[in-house]
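What follows is a set of notes on a single structure, which appears directly below.
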Amino acid sequence: MTEESNSVVSRRSLLQAAAGLLLATELPSFPARAGSPDGYRIVAAPARARLVDPDRPETDVWTYNGTVPGSLVRLRQGKLARLLVENRLAQETTVHWHGIRLPNAMDGVPGLTQPAIRPGKSFAYEFTPPDAGTFWYHPHANSLEQLGRGLAGAVIVEEREPAAVDRDLLWLLSDWRLTGEGGIASSFGNRMEAAMSGRVGNTVTLNGRASEAEVVRAGERVRLRLLNASLARIMALRFEGHRPVVVAVDGQPCDPHEPEGGRILLGPAMRVDVMLDMQGEPGRRYDVIDDFYNGLSYRLTQLVYEKRLPIRGHALDALLGLPRNPLPEPNLASAERHTLTLQGGMMSGMMSGGGGMQGGGMMRGMMDMGGGMMGMGNGAVWSINGQSMTGDGHAGMEPALVFERGRSVVLELRNQTAWWHPMHIHGHSLRVLSRNGKPVPHRQWQDTVLMAPKDAVEVAFVADNPGDWMLHCHVMDHQMTGMMTVLRVA
């Protein structure tokens, strides 16, 4: 029996075994569809949301279609999508469709790829997503504050044939800095904070709320789509009593594998799809822990098993892997090679004087600051190859590198700083080749590559999407204060 036919048989038996489970109820169904069946209408506007306990006050937030997170957008691979974005904020905005390989004019960078959407105006985005997977959308104008006040939503581009799972779950994780009164602390753009780890908050939500429990059933297989929509918080998730299998990173399928050390590492803007076989005991609770920062471990939520009997007596035998997307494979033998060096931050020559707190003590201080820390001006504190581009993007940005269309490119990203950086490329996906001289396994493609201090990472891609494309750190404070550049595909 071929792998393909085995997959079909497994799906058929799965559907029979899982009869009665309602997949459609599991992914958030925030309404976004407009009157036409092929389009979405998304309205950016202020609203209120209850992010924490019922006895705490609601929070003033900025939303897409009135909810946090914003409306779930479901698209079909290879099918034209039209998304009308209406701006009801008091400031300009855009929408960047993060991770989707789309035309440059639809990329959502103000000035560089489109005019900003003024208050009261709208903009129609049209593109055909070539890749299935988990993506997301967020502003690229005043992005530090707009994302920090809640503007984020998930995009799921559906595979032509659904994966063999009982349920498909989305966990969109967001990090907030809340005051004691439940409001959002207003200290956006603090330069000293930007020179360290960025604006790390004090409250983490799962699909828009602080989660105590996520209900599961013994014996089921779940596809769990993890999305980190935080401004700066890096996460390392451990699932007590479970063995998650990673099947996709940043929307791109990889060789199925268990994460190193059992921890799923999620930098800001990253997505990881895992398969979870629920082999726990009915009625029991299992912690999901984020322990990335030393001394600041916390429980994100609990997997709470229903007391009903398992839906099957053993793990599902269906294939774990997902179908690959049509990514062009770079020719490493003929590829042109370039180095991009990340520089700056606290304890570098770009900051005058001062020092930095380290480890958990530094992070605890950052989260407790609220609005009480004095700013240090608006200058750049980060650079790429000695050049700093601040803000969100604008017209006339000169590219750091220019590629002939269709050329294979190998980039060596070198982090010379003392801080972590999730480096995001627009319009392309990167094949991750090596990290610190060691090959990266599992054939991983990413649009956001998390780099530890002093890391050197080699990535490759085919420059096949014409236009001027951003490359920047997705710790939004870092982007806004200089860690951004432009790559041109001519």
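The values are calculated or read from the model by the stated rules, or taken from the named source; none is laboratory data. These figures come from a predicted structure and were not determined experimentally. Cβ sites come from the backbone with ideal geometry, for glycine too, and all protein chains shown count toward neighbours. Accessible surface areas use protein heavy atoms only, side chains included; no ligands, DNA or RNA. Shrake-Rupley method; radii C 1.70, N 1.55, O 1.52, S 1.80 Å.
Could you tell me whether segment 161-173 includes any residue that is outside any loop (DSSP other than H, G, I, E, B) and either among the small types (Gly, Ala, Ser) or at positive phi (or both)? So far as segment 161-173 goes, no, none of its residues is outside any loop (DSSP other than H, G, I, E, B) and either among the small types (Gly, Ala, Ser) or at positive phi (or both).
For segment 26-44, a residue qualifies if it is open to solvent by less than 20 Å² (accessible area, probe 1.4 Å) and at pLDDT 95 or above, and the qualifying residues are 42, 43, 44. Just one of the listed residues (397, 366, 373) is outside any loop (DSSP other than H, G, I, E, B), modelled with pLDDT under 95 and either more than 18 Å from residue 267 (Cα to Cα) or not hydroxyl-bearing (Ser, Thr, Tyr) (or both), namely 366. Can you confirm whether residue 191 is of a type in the set (Lys, Arg), within 30 Å of residue 48 (Cα to Cα), touching a residue at least 24 places away in the same chain (Cβ under 8 Å) and crowded, with 22+ Cβ neighbours inside 10 Å? When the stated conditions are applied, residue 191 does not pass them.
Determine, yes or no, whether residue 204 is aliphatic (A, V, I, L, M) and open to solvent by less than 20 Å² (accessible area, probe 1.4 Å).
On the way: aliphatic (A, V, I, L, M): yes; open to solvent by less than 20 Å² (accessible area, probe 1.4 Å): no.
No; evaluated as a whole, the condition is false for this residue.
It is to be established whether one or more residues within segment 117-135 are small (Gly, Ala, Ser), open to solvent by less than 10 Å² (accessible area, probe 1.4 Å), at positive phi and not in a helix (DSSP H, G or I).
Of all residues in segment 117-135, those small (Gly, Ala, Ser) come to 120, 122, 124, 132-133.
Add one more test, that the residue is open to solvent by less than 10 Å² (accessible area, probe 1.4 Å), and what stays is 132-133.
With at positive phi added as a condition, the list becomes 133.
Now narrow it down to the ones that are not in a helix (DSSP H, G or I): 133.
Among the residues of segment 117-135, at least one is small (Gly, Ala, Ser), open to solvent by less than 10 Å² (accessible area, probe 1.4 Å), at positive phi and not in a helix (DSSP H, G or I), which makes the answer yes.
When you go through 160, 177, 221 one by one, which is the residue that is among the basic types (Lys, Arg), under 27 Å from residue 479 (Cβ atoms) and over 16 Å from the mean Cα position of the chain (by Cα)?
Working: 160 fails: under 27 Å from residue 479 (Cβ atoms); 221 fails: under 27 Å from residue 479 (Cβ atoms).
On inspection, the qualifying residue turns out to be 177.
Taking every residue in segment 306-328 that is in contact (Cβ under 8 Å) with a residue 60 or more places away in the chain and farther than 18 Å from residue 278 by Cβ and pairing it with any residue that is assigned to a loop (DSSP other than H, G, I, E, B) and hydroxyl-bearing (Ser, Thr, Tyr), at least 6 positions away or on another chain, the pairs with Cβ-Cβ distances below 8 Å are 327/429.
Does segment 251-294 hold any residues that are surrounded by 19 or more Cβ atoms within 10 Å (Cβ to Cβ), closer than 30 Å to residue 326 by Cα and out of contact with any Gly (no Cβ under 9 Å at 6 or more places or on another chain), and which are they? Of everything in segment 251-294, those that are surrounded by 19 or more Cβ atoms within 10 Å (Cβ to Cβ), closer than 30 Å to residue 326 by Cα and out of contact with any Gly (no Cβ under 9 Å at 6 or more places or on another chain) turn out to be 264, 266, 267, 270, 272, 274, 275, 276.
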